[in-house]
Amino acid sequence: MKLMLLYRRRWLLIYLPILLALAGVLAIVTRLWQPLPPQRLVIGTGPAQSSYLRLAQLYASRLEHRGIAVDLVPYPRPQDALQHMKPGDGAIDVTFAQGLYAPAHATPTPGDGVQALAVIGHEIIWVFAREDIADMGQLRGRRIATSVADSSNRIAADLLLAHLRIRPDEVEFVPEVGDSALAALTEGRVDAVVHVATGDSQTANALARLNGVHILGMERAGALAARERRLWPVVMPQGSIELRSQLPARDLPTMVTLTHLLVRPGLHPALQRALLDVAGELHVMSGFLETPGRYPTTVGSDFPVSPAALQHARGERPWMETLLPFGTAQRAELFLYAVLPLGLLGVALLLRAPRYIDWRVDAALQHIYGEVRFMEEDLTRQPAHKPVSLQPLLERLDTLERQVAQMQLPNRYAGRGYTLRQHLYETRQRLIAMYAI
């Protein structure tokens with residue numbers, strides 16, 4: 001390429017490719033290495049009036065104060081949201097789930113399934129029965145309200161009955177839940193109700209206060225917990241539900257399942273940290289039968305724990321987030337670690353680009369100067385009495401002069417081009433003088 005053409009089109013041939021390359025690298029960096037978190041989060045919840053929906057509303061309020069918009073998507077059953085968090089679906093980003101929905105008899109390991117950010121509390125496996133049933137061993141042959149087959153109530157009932165060596169075909173499961181289960185027990189259509197819920201559950205509190213109904217304790221609760229990792233033994237103290245009425249009438253060993261804050265794999269780490277911050281604000285106060293300061297935690301999770309949650313538990317987080325508001329911190333981090341370094345690199349390349357043209361000019365001129373120097377050395381060695389032997393040198397000189405004429409140096413290099421032509425002229429004069437001898 002002619003140097004004059006390269007110089008005249010330096011913006012198109014040099015500067016523009018540098019800018020396009022930097023823009024491409026910045027696009028890759030902001031998409032793959034340092035992407036900004038999405039501005040919207042989708043939380044899957046249970047139906048209206050469910051405890052999970054109320055909890056999701058609290059999370060949404062706190063997250064919106066951090067500049068994160070939240071969409072709440074209710075489902076007929078709380079566990080339905082889990083089906084929309086699988087890889088390839090991505091309809092739901094966050095949900096709440098009991099440990100009963102975790103795979104049974106499996107150690108939580110990171111994989112393609114949902115990941116736990118934290119255990120945020122526990123839910124009690126309430127067992128209410130008519131007064132003629134003194135313990136859970138007497139449930140054989142009875143009618144038990146447990147909702148549908150894959151519900152947490154049914155899963156819990158299966159685990160408790162299996163622990164007591166009562167086969168599923170030895171009881172009659174009735175698909176009633178909530179108010180309908182309450183009505184069924186009141187009307188005598190069922191003998192017992194298994195209900196998995198928190199201590200402030202309206203259904204549980206209503207069942208506990210029914211006449212002719214009492215709460216059953218779990219025999220050998222520690223042995224059951226040793227075999228089933230999704231259940232934990234807890235003692236319900238006498239009068240803990242209502243002291244005046246002595247509910248329960250005595251200390252009852254019972255079982256609980258942990259409540260998890262779950263996220264889909266690949267959710268932006270910054271959003272996960274924001275969720276963990278909200279969890280720390282909402283769940284720091286102890287609930288019914290909860291030890292103060294126990295939740296939120298990653299200890300005992302029934303689901304694989306997110307790497308971002310483990311880092312958060314160790315106190316590791318970007319220092320920008322400790323100084324700036326959430327959204328500002330993300331943009332500042334992107335600028336500091338991506339935009340600024342690439343910008344400095346781009347400025348350096350753009351400032352060095354003229355050096356490329358200088359290098360091309362220097363290389364071309366040095367080539368000509370080198371040829372002239374070799375020619376002068378050949379002239380020194382040529383015998384003056386043989387002019388015919390000077391013809392190849394003259395042809396080489398003609399070739400060099402044509403190359404210089406076609407070089408078309410930019411004006412800023414005109415002085416060096418003139419000096420080179422002068423040098424070639426002097427060499428030609430020397431050749432002509434040798435011919436004349």
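Worth pointing out:
- Within the assembled protein chains, the solvent-accessible surface assigned to Val339 is about 50 Å², based on a 1.4 Å probe.
- Full-stretch length increase - Ser286, Gln49 - with 0.36 nm per residue and alpha-carbon distance subtracted: 83.1 nm
- The length gained by stretching the chain between Gln366 and Arg189 to full extension, at 0.36 nm per residue less their Cα-Cα distance, is 53.3 nm.
- Residue-normalised accessible area of the stretch 302-364, given per residue in Å² at a 1.4 Å probe: 58 Å²
- Distance between modelled label sites at Leu16 and Leu32, nm, 7 Å Cα→Cβ extension: 2.6 nm
- Residues whose amide H comes within less than 5 Å of that of Ala118, counting only those at least five positions distant or on another chain, are Leu261 (H built at 1.01 Å from N in the peptide plane).
- Each peptide in 211-224, 90-103 receives the mean, over its residues, of other Cβ atoms within 10 Å, and ordering these scores from highest gives 90-103, 211-224.
- The chain: DSSP helices with Cα axial extent of at least 15 Å and average Kyte-Doolittle hydropathy no lower than 1.6: 16-28
- Using the rule -39500 (n - 2.57) for each DSSP H run of four or more residues, divided by the residues of the chain, the 222 nm mean residue ellipticity is -13500 deg cm²/dmol.
- Near Ala192: Cβ cut-off under 9 Å, other residues only, Lys/Arg at +1 and Asp/Glu at -1. The net charge is +2.
- Residue-normalised accessible area of the stretch 111-257, expressed per residue, 1.4 Å probe, Å²: 43 Å²
- Length gained when the stretch Ala206-Tyr356 is fully extended (0.36 nm per residue, less Cα-Cα span): 45.7 nm
- Within the listed set Gln115, Gln330, Gln422, the residue fluctuating most in the Gaussian network model of the chain (springs between alpha-carbon atoms under 10 angstrom) is Gln422.
- Once both labels are positioned 7 Å from their Cα atoms along Cα-to-Cβ, the gap between Val25 and Gln429 label points is 5.2 nm.
- Counted by Cβ distance under 12 Å from Arg62, the other residues give a net charge of -2, where Lys and Arg count +1 and Asp and Glu count -1.
- Neighbourhood charge, 11 Å Cβ-Cβ cut-off, centred on Ser51 and excluding it, Lys, Arg +1 and Asp, Glu -1: -1
- Across the protein chains, with a 1.4 Å probe defining accessible surface, the residues Glu371, Glu321, Glu316 rank Glu316, Glu371, Glu321 from largest area downward.
- 3J(HN,Hα) from dihedral phi, the stretch 238-252, Karplus parametrisation 6.51/-1.76/1.60, rounded to Hz, x for glycine, proline: 4, x, 6, 7, 8, 5, 5, 8, 6, 10, x, 6, 8, 5, 10
- Amide N of the stretch 196-219 lying under 20 Å from the label point, which is placed 7 angstrom from the Cα of Leu72 along Cα→Cβ: 197-203
- For the chain, the carbon plus sulfur part of the accessible surface works out to 58%, probe radius 1.4 Å.
The values are calculated or read from the model by the stated rules, or taken from the named source; none is laboratory data. The structure displayed is predicted, hence computed values, not measured ones. Counting neighbours? That spans all protein chains shown, and the Cβs are built from the backbone with ideal geometry, glycine included. Keep in mind that these areas ignore ligands, DNA and RNA; they rest on the heavy atoms of the full protein, side chains included. Shrake-Rupley method; radii C 1.70, N 1.55, O 1.52, S 1.80 Å.
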